[in-house]
Amino acid sequence: MVKAVPDHLQQIIINLVQNAVQSSTDKIEVHVLKISKDHREWVGFEVVDFGVGIPEEQFHKVFQPFFTSFKNGTGLGLSICERLVKLNGGFMELNSRVQHGTTVKVYLPYAR
């Protein structure tokens, strides 16, 4: 169980899965995660695509509103995700390799 506004969690998942589907040439994966960090328990998920990846020169821009590498993208998906995750007390991690894909991890406070 996580502490999060249900509508926020739904929007985060929709945005990340849509990005993965647009980026991937083959498949995407979603995994549940649980970690301890900074003396706290976190529960979350990761969305993994095996697509084009993010070039290093664009990596620092991906959370900026209106930045997109998709032909028909608005550039709001990741910036909205980041804002909603922070509003719910969580954090995100993003890893990417060109031509290997991208992994976005979302961690939210564990609800006891």
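We did not get these values from a lab; they are worked out from the coordinates using the rules stated. All of these numbers come straight from a predicted model, not from anything done at the bench. Positions of Cβ are generated from backbone atoms using ideal geometry, with glycine treated the same way; all protein chains shown enter the neighbour counts.
Here are a few things to note about the model shown:
- Residues in segment 15-30 carry Karplus couplings, in order, of 4, 5, 5, 4, 4, 5, 5, 5, 8, 7, 9, 10, 8, 10, 10, 10 Hz; the curve used is 6.51 cos²θ - 1.76 cosθ + 1.60 with θ = phi - 60°, and Gly or Pro positions show x.
- Stretched out straight at 0.36 nm per residue, the stretch from residue 60 to residue 99 would grow longer than its current Cα-Cα span by 12.2 nm.
- Modelled label reach - residue 25, point 7 Å along Cα→Cβ, segment 52-71 residues with backbone N closer than 11 Å: 52-53
- For the listed residue pairs 34/71; 37/61; 61/105; 34/61, the alpha carbons are over 23 angstrom apart in 34/71; 37/61; 34/61.
- Three semi-axes describe the equivalent ellipsoid of the chain; taken as square roots of 5 times the Cα gyration tensor eigenvalues and ordered largest first, they are 24, 15, 13 Å.
- Compactness index (Cα Rg / 2.2 N^0.38 Å), segment 46-112: 1.17
- Listed residues 78, 87, 16, most fluctuating in the chain (Gaussian network, C-alpha, under 10 Å): 87
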